[in-house]
Each structure stands twice: as C-alpha cells, then as structure tokens.
Amino acid sequence: MNAFAGQHMLSLKQFGREDLELLFEATDEVGRELAKGQVHRNLDGKVLMSAFFDKSTRTRLSHETAMLRLGGTVSGFADAAVTRATGKVRESSEDVFRMLALYGDVIVTRHPITGEPARAAEAIEGALLINAGDGSGEHPTQALVDLYTMRQRFGHIDGLSVVFVNDLRMRCTRSLLRGLRNYDCKVSCVATLGMGLDPLLRAEMEGAGHSITFHDDLIGVLPEADVVYSSPTVIAELKEDAVARRAAGELPLSRDLLEAVAKDTVVVLHPLPRGEELPTEVDDTPYNGYFQQAANGVTLRMALLRLMFGRLCGADGCAATGRH
Ligand code: CP
C-alpha cells in the first residue's frame, strides 16, 4: 500500500518501516531511470510551489529539480520579503498558504517557526504540503535522504552503529532518530557542550524501546561506528571561552582520526551546509558520504513526489496507486 498517496509530508512519525522501504525501492527505480536517461515524466502538469521563509540551498533546489525532471513545473519564492507575508500590509500565514494551494499542487515550505508547516497543512485544501524544515521541529525529507544513503552504502540499515556528533538539537537529528526507530540500530551521541539531545526526544526514543548511549568524546565510539552523522554546529551560540569551540570533544572529526581508529567502511554523513566541524580534508577520502547524500536529495524527492501523487513506476511502466 502506498501510504504517501494524497498525504502531507510533515514528520517521520507519520510513516512506518514498510512505507520507508516502498519509498527506497521507488528511489532505486528513479536512480535506474536517471542512469539510463529514460525518466518517466509522469508528473506532467503538476505545479510545485516553493514557499521558503528561511534560507536554503539544497532542500529548495533539489525539490524543484525533482519536479522539473518529472515533467512538472515550479513556482514560488525563496525569500518571503518579496511577498505579502511581510511588510506594511502583512497577511496571515494561513492566507499565504491558502493562496499557494490555489495555485499549486504541492507546496514545499521551510519556516523558522516550529509547527508552522503543520498549521499550514490544516489551513489548506486541494494541495499537498512538504515540510522542508521548521524551526527546531523536523526536516523529514532530509532524514529520508539520510536513511536512503545508509541503505545504499551498506545494503541495509538494520545492524548499523550510528554515531551522532556535534549539535544534536538540529531538526534533521530529530527526524533521523525518528526514522531510525523503524530499524534495529545502535545509536550513540557525542554532543558539543550545551548542544545535547532534547530530553523529550530522548524520552520518546527510550519510550519506544530504542536506547541511546551518550559519550563525551568521539574517539571512544568511533572504532565501532558504521555511520558518523555530523551536523552543523552553530558556533555563534558557543560562549567565547567554551572548550567546545572545538566540536564534539577534544578530538573532533578529522581525516587523521578516521584513519587512526575508524573502520575502513565507515561513512561520514552531514546534511550540509558545513562549518569547521566537517573539515574539507575528509572530502577526498572513502569516508565521504555527504556529497552522495546531497545528490540523493533529488533522486529520493523524485520518488517521494511520485508516491505522494500516487504514481508508482516500475519495470512495467507507471501506474496510478492512490488518490492523486
Ligand atoms: N540539508 C539542508 O537542509 O540544506 P539547506 O539548508 O541548504 O536546504
């Protein structure tokens, strides 16, 4: 069953393991089509509306590229300052989203206020909505890309040891942890000082039977890691004298540290943009999974858009599978 058909994409809490596997298989199919240069452009006529109230490079452009590659078109804004959402005659957020739903078939929105995409989804009719990151809430499509990249790299997600480092308050961490609940993984956390996991999220994970171990230094857990998930550290928030200006412990992620203690097969993932927590010296190593992760952003979002519109493609061609 296609649980994505006709549904908004707001949180990783909405979907279970079978749903994720359907999406990943659909993403594999998109990858094969792209490799052959024979993409089924089965979203011809659909319009994607970008509504970005906060900055983005990857999320907006990969969603737009995904829609264009599937034969649809894109419109919208990357800066709310050019709309009536700001300024002297400022209209309500609900009205902005109602307008977008009149013009487009799917709205992709990023908003600095946690929960705003969910409120927008309640306000609209006739269009689907994708949460492209809301405040400290969730970034569900990023987590889907992250999980897909792990599966692509290892062939499976069950059994992996995943180490989260740096600023664990990030919305991509929240979504990825919720996604990992569908799998049997060992999860460890190494937070930069003052940037630990939300205690409510920890309780949510443990309440669902998924224990997390916490560590002061990366070097203690790196030898067993299959995946190191590094996230941007908001350095500006650190106190001037904080020891933790060095990300995640005395020995932050580096090429030397990876070569000294990590498995040869470990992969470093990072949603980007990066700061000093992910040195460029790691780029030219087999540990670098983050550029593939960014590339997967288009492939997975193509598959997701197809599924949301009820279009499933396989070797036999495309079939309608749901309400849209
Ligand atoms: N990964 C991510 O969300 O990147 P952007 O902020 O550039 O969209």
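Throughout, read-outs are computed from the coordinates displayed, never taken from laboratory work. Predicted model only: the values in this text are computed from it and were never measured. All Cβ positions, even for glycine, are placed from backbone atoms using ideal geometry, and neighbour counts span all protein chains on display.
Quick one: angle between helix 171-180 and the longest Cα principal axis of the chain, in degrees between 0 and 90, rounded to 10, please. So the helix axis and the longest Cα principal axis differ by about 90 degrees.
The average projected area of the chain, computed from the convex hull of its Cα atoms over all directions, is 17.0 nm².
For the range 32-98, the fraction of alpha-carbon pairs lying more than 14 Å apart is 65 percent, rounded to a whole number.
Taking the longest Cα principal axis of the chain as reference, the axis of helix 140-154 is set at about 60 degrees.
Run the quick spin-label model on I113 and T86: label points 7 Å from Cα toward the beta carbon, then report their separation in nm to one decimal. With each label placed 7 Å out from Cα toward Cβ, I get 1.5 nm. Helix 93-103 axis versus longest C-alpha principal axis of the chain: approximately 60°, rounded to the nearest ten. Counting only residues at least eight positions apart within a chain, or on another chain, the lysines with an alpha carbon under 26 Å from that of K88 are K55. Calculated mean residue ellipticity, 222 nm, the chain: -10500 deg cm²/dmol, from DSSP H runs (n ≥ 4) at -39500 (n - 2.57) each, averaged per residue and rounded to 500.
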